[in-house]
Amino acid sequence: MPPKRVVQVQRAGGRGYEEPKGVFGSTIDALTSKENRAVLTSIAAFGAAVVFLSSSLGEAFLLQ
C-alpha cells in the first residue's frame, strides 16, 4: 500500500500555529490593552507629579 498523504491546512494569518507568549510578552500585552489605559494614565500622571514636586521647580509650591 502506498503511504497516506498528510494535508496541512494553513490559517489565514500565515503561520500554521502561534507560539505561546512568555511572561514578559503577556505582561506587556496586559499593560498596554485598552481596558487598562485609564490606570496607566493615572499612574503616569502621579509619577510626573512626584518628579515635579521633588525637583527644584516644585519648591515654589511649598509653603514655609
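The values are calculated or read from the model by the stated rules, or taken from the named source; none is laboratory data. A quick note: this is a predicted structure, and the numbers were derived from the prediction, not measured. Neighbour counts run over all protein chains shown; Cβ positions are idealised from the backbone, glycine included.
Details
- Test: residue in segment 42-54 that is exposed (fewer than 10 other Cβ atoms within 10 Å of the Cβ) and at pLDDT below 90: no
- Residue match in segment 5-20 (condition: assigned to a helix (DSSP H, G or I) and either modelled with pLDDT of 75 or more or not polar (S, T, N, Q) (or both)): no
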